Amino acid sequence: MALGLSAQVPFSRIENGAREPQNWLTYSGRLDGQRYSTLTQITPANVKDLELKWVLQTRAPAEPNSKYEATSLVVDGILYTVQPPNVVVALDAVNGRIFWTHAYTPAPASRPCCGRINRGLAILGNTLFMGTLDGYLIALDARDGHLIWSTKLGRAEEGYSVTVAPLIVKDKVIAGPAGGELGISGYLSAYSAETGKEVWRFNTIPQPGEPGHESWGGDSWKHGGGSIWTTGSYDPELNLIYWGIGNAGPDWNGDVRPGDNLYTSSFIALDADTGKLKWHFQFTPHDEFDFDATQVPVLTDLQWNGKPRKVVMTANRNGFFYVLDRVTGEFLLGKPFAKVTWASGLDAGGRPIRTGHSTPQGSIVYPENQGATNWYNPAYSPRTGLLYVPSWMDTWSVYTSRVEPYQEGNWYSGGSATHNVPGIRPGLVTRRLPELAWGAIQALDVKTGDVKWQFRMTDVTDSGVLATSTDLVFAGGREGYFYALDALTGAVLWKSMIGGAVSAGPTAYAVEGKEYISIPAGNAIFTFGLREQ
Amino acid sequence: MKHTSLLCATLLTVMGMQAQEVHGVSPADLERGMQLFLNNCAGCHGPDGDLVADVKLGSGKFRRAQGDNDLRGIIQRGIPGTPMPPGTYTDDQAGVIVAYLRSMTSSARRTGLKGDAGRGKAIVQGKGQCLQCHRIGSGGTVSGPDLTGIGGMRREVDLEQSLIDPDAEIRPDNLTVRAVEKDGSKITGRLMNMDTYSLQILDGGSLKLRTLKKDSLREYEVMKKSAMPSYRDKLNAQEIADVVSYLVSLKEPI
């Protein structure tokens, strides 16, 4: 009498997620990475009537350096979330009451680079899947939170951690390790959802004998990074998985790793059944700025020069917006969406024309180390043809390279980068003048890369974005506001001060015919719905 | 059955000893003591307190302690030169752990029969029909308590009692709700949570999580009896010993 994976959420439900907009079945809502809700109850006309329905406080005050980054899943009225660092909670999506909690305690040896965080869960059948800070992928029963299996992806002592929300493709769980600042050697793998056993592995740092290995000089590949920490997308027709790969290591000293350093700071397209590489596109060859390419690949079909094209889009941390053919990887469009000085432009193939470097004496380069955007998810509306991008406008860093020997478990960044925007800290206090750098939600015309509108915030934003078919855009920022914007103009139609920096993506869902918008911020989740008339 | 009267006599004796030795300690204190013991001590000492050589915490006899004050001191300060580490327990926490240790003097199995874990596994998976409600590893279902790793969490004597007399002690995690909706439909499920206005359950029929609004119910009751049947007349003494042996062997969480 096996517990089985046939029950609650078979893969057919995830694959056909567009048919059930009341649920949020995967990190991006659906497999295409669009974060586009087709629920219609909340509109520009009534969004002013949104009111708070419930709040879920975390179990304890957040630890220093922890942020609530998880996107919630919603399945038939049950909301699943991960409070930092690895506390899984199942609760009633209507009233916020908890059904169960599974508090996973990461081993003290955990060495996450950038906060004790987790970006969310995946679900298949009756099973939830979560990465852990100490380098495991675990499976929990969605009905009572009990542990089903646990698979080790890498040694925590070496810097391997798992912060990505896994992606379900058919009967497999797709995930990989983070740790690009600690000299890991990255990979993306598929695991059996039933047993946790690895089915295939794609080395994001090609090992000796593998294609792309020649892009690493000497032994530099051994600690080359190429981490996994933001969720990919899947095209069922092409049976291809698209994933953004992390930076090369050491981050800021490219001199010790001559070459393009594949497949760091790239999108890869893999056959979902075998893990074989179909194509790759490297946005930042020989990355010296820790730019990564860890953005959610956004899939859509467009008329391109009069012909239909299956495309994948990304506003990259390096400051350029890209459109690629997702069948072949062909470069179609690239254009900056913030101030960029590390490259003067892109050549005909999309390769950057380099003008800036990290240097031993330190060099000012735009954008800053946190990028023109980052892992904060964008959203795409097929109705408006606009990609809504959380943006850090006109930021810079002084990038300094330094020779640092690799030592297991130690920071392996090869230098430093200053930040002209401070990190998130308690108190929501901003005294930096906005003309020095500001945050924005930008709407990019995906056919031209032109900025259609920009909603400007004084402070920067780590918020994800949600777009709706009623032409609303939901997003927040570090100031603690959560906004509903007009998707066509960027005008503020509603806002709520929720008192904590927004560092996650919103979800839209419905239960018993009532639509809700839910957003984690600070140490809590806030869920809004329309006021009862 | 012959073994039943013997069991009852033993049980009465045990209960009498417990009542005497833990006088003044509330059931809630014992529960806290047990939780602290299982979470912090059982990893080395085992749930029965007998895994460390020459140390039998359930025997009521302690070589290094004359009384409860000494025991509390050992729990708080450890024993230098041995693997027993100091613990950051308050006096109150150390006190309830001691109370729980005192209550463990009944560690001896009540049947006294030696069980066979292999035969027990076959009974659990077959004749006993345990997996129709319980889960063990990847087998079974979720309407009843998860037995994966139960051997690391419960003592033999408790497991045996649960098999023979499931109503004797129903742990807060294992309560069952029975409710009738206003249209007369009946619902039974595991209680997951509750508040002034609602009950959160794992529905025993659909095996899905759901909220019951109290004002939409005709009536509801948190059951004082276990949903589990007694195996007193379903299995003989040897079979129960076998099942207990198997459950005790389930030490790992997965």
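The values are calculated or read from the model by the stated rules, or taken from the named source; none is laboratory data. Worth saying up front: this structure is predicted, and the values here are computed from it rather than measured. A quick note on method: Cβ atoms are made from the backbone with ideal geometry, for glycine too, and the neighbour counts reach across all protein chains shown.
Just checking, which of A:Thr195, A:Thr105 is under 23 Å from A:Ser72 (Cβ atoms) and either among the acidic types (Asp, Glu) or part of a loop (DSSP other than H, G, I, E, B) (or both)? After applying the criteria, what remains is A:Thr105. Taking each residue of segment A:243-256 that is among the charged types (D, E, K, R) and looking for partners that are in a strand (DSSP E or B) with beta-carbon atoms closer than 8 Å, six or more apart or interchain, yields A:Asp251/A:Gly225; A:Asp251/A:Gly415; A:Asp251/A:Ala417; A:Asp255/A:Ser401.
In this structure, does A:Glu515 turn out to be in contact with a Leu (Cβ under 7 Å, 6 or more places away or on another chain) and within 25 Å of A:Asn118 (Cα to Cα)? First the steps, then the outcome.
Working: in contact with a Leu (Cβ under 7 Å, 6 or more places away or on another chain): yes; within 25 Å of A:Asn118 (Cα to Cα): no.
Spelling it out, it is not the case that A:Glu515 is in contact with a Leu (Cβ under 7 Å, 6 or more places away or on another chain) and within 25 Å of A:Asn118 (Cα to Cα).
Residue pairs whose Cβ atoms lie under 8 Å apart, separated by 6 or more positions or on different chains, with the first residue in segment B:197-212 and facing chain A (nearest Cβ under 7 Å) and in contact (Cβ under 8 Å) with a residue 60 or more places away in the chain and the second assigned to a loop (DSSP other than H, G, I, E, B) and surrounded by fewer than 17 Cβ atoms within 10 Å (Cβ to Cβ), are B:Leu207/A:Ala7. Checked against (1) acidic (Asp, Glu); (2) in a loop (DSSP other than H, G, I, E, B); (3) more than 28 Å from A:Pro112 (Cα to Cα), A:Glu435 passes all but a single condition, namely (2). For segment A:284-303, the set of residues classified as among the β-branched types (Val, Ile, Thr) and surrounded by fewer than 23 Cβ atoms within 10 Å (Cβ to Cβ) consists of A:Thr300 only.
Find the residue count for segment A:324-339, including only residues that are in contact with a strand residue (DSSP E or B) (Cβ under 7 Å, 6 or more places away or on another chain) and either part of a loop (DSSP other than H, G, I, E, B) or at pLDDT below 95 (or both). So that I can check it myself, show each step before the final result.
Of all residues in segment A:324-339, those in contact with a strand residue (DSSP E or B) (Cβ under 7 Å, 6 or more places away or on another chain) come to A:324-338.
Then drop every residue that is not either part of a loop (DSSP other than H, G, I, E, B) or at pLDDT below 95 (or both), which leaves A:326-330, A:337-338.
Looking only at that region, the number is 7.
Being in a strand (DSSP E or B) and either in contact with a Leu (Cβ under 8 Å, 6 or more places away or on another chain) or closer than 16 Å to B:Val248 by Cα (or both) is a description that does not apply to B:Val157. Residues that are within 14 Å of chain B (Cβ to nearest Cβ), under 18 Å from A:Gly522 (Cβ atoms) and not β-branched (Val, Ile, Thr) within segment A:80-123 comprise A:Leu91, A:Gly96, listed in sequence order.
Would you say B:Val157 is more than 14 Å from every other protein chain (Cβ to nearest Cβ), surrounded by fewer than 18 Cβ atoms within 10 Å (Cβ to Cβ) and hydrophobic (A, V, I, L, M, F, W, C)? Explain how you work it out, then say what you get.
Numbers: more than 14 Å from every other protein chain (Cβ to nearest Cβ): yes; surrounded by fewer than 18 Cβ atoms within 10 Å (Cβ to Cβ): no; hydrophobic (A, V, I, L, M, F, W, C): yes.
Criteria not met by B:Val157.
Residue selection: A:Leu56 satisfies the criterion of being touching a strand residue (DSSP E or B) at 6+ places or on another chain (Cβ under 8 Å), within 14 Å of another protein chain (Cβ to nearest Cβ) and of a type in the set (A, V, I, L, M). Of the strands (runs of 3 or more DSSP E) that lie entirely inside segment B:160-254, those containing 1 or more residues that are of a type in the set (Gly, Ala, Ser) and surrounded by 13 or more Cβ atoms within 10 Å (Cβ to Cβ) span B:176-181, B:186-194, B:198-203. Kindly indicate whether B:Gly128 is away from chain A (no Cβ under 11 Å), out of contact with any Pro (no Cβ under 6 Å at 6 or more places or on another chain) and either in contact (Cβ under 8 Å) with a residue 12 or more places away in the chain or assigned to a helix (DSSP H, G or I) (or both). In short, yes. Looking only at segment A:188-198, count how many residues are under 18 Å from A:Thr163 (Cβ atoms) and surrounded by 22 or more Cβ atoms within 10 Å (Cβ to Cβ). So the count comes out to 2.
Hand me the list of helices (runs of 4 or more DSSP H) wholly inside segment B:7-113 holding 1 or more residues that are at pLDDT 80 or above and farther than 28 Å from B:Ser162 by Cβ.
Working: elements: B:27-40, B:42-45, B:68-77, B:91-103.
The helices (runs of 4 or more DSSP H) meeting that bar are B:68-77, B:91-103.
When segment A:369-407 is limited to residues that are at pLDDT 95 or above and charged (D, E, K, R), the one that is nearest to the chain's Cα centre (by Cα) turns out to be A:Arg383. Annotation note: Cβ proximity below 6 Å between a residue of segment A:268-286 that is among the small types (Gly, Ala, Ser) and a residue that is assigned to a loop (DSSP other than H, G, I, E, B) (sequence gap 6+ or interchain) occurs for A:Ala272/A:Asn239.
Return the residue satisfying two criteria in turn: it lies in segment A:168-194 and is of a type in the set (A, V, I, L, M) and within 27 Å of A:Trp411 (Cα to Cα), and of such residues it is nearest to the other protein chains (Cβ to nearest Cβ).
Filtering segment A:168-194 down to residues of a type in the set (A, V, I, L, M) leaves A:168-169, A:173-175, A:178, A:182, A:184, A:188, A:190, A:193.
Filter again for within 27 Å of A:Trp411 (Cα to Cα), leaving A:174-175, A:178, A:182, A:184, A:188.
On the way: A:Ile174: 21, A:Ala175: 18, A:Ala178: 24, A:Leu182: 28, A:Ile184: 26, A:Leu188: 25 Å.
Across segment A:168-194, the extreme among qualifying residues is A:Ala175.
Right, A:Thr355: crowded, with 23+ Cβ neighbours inside 10 Å and of a type in the set (Ser, Thr, Tyr) or not?
Taking the combined requirement at face value, the residue does not satisfy it.
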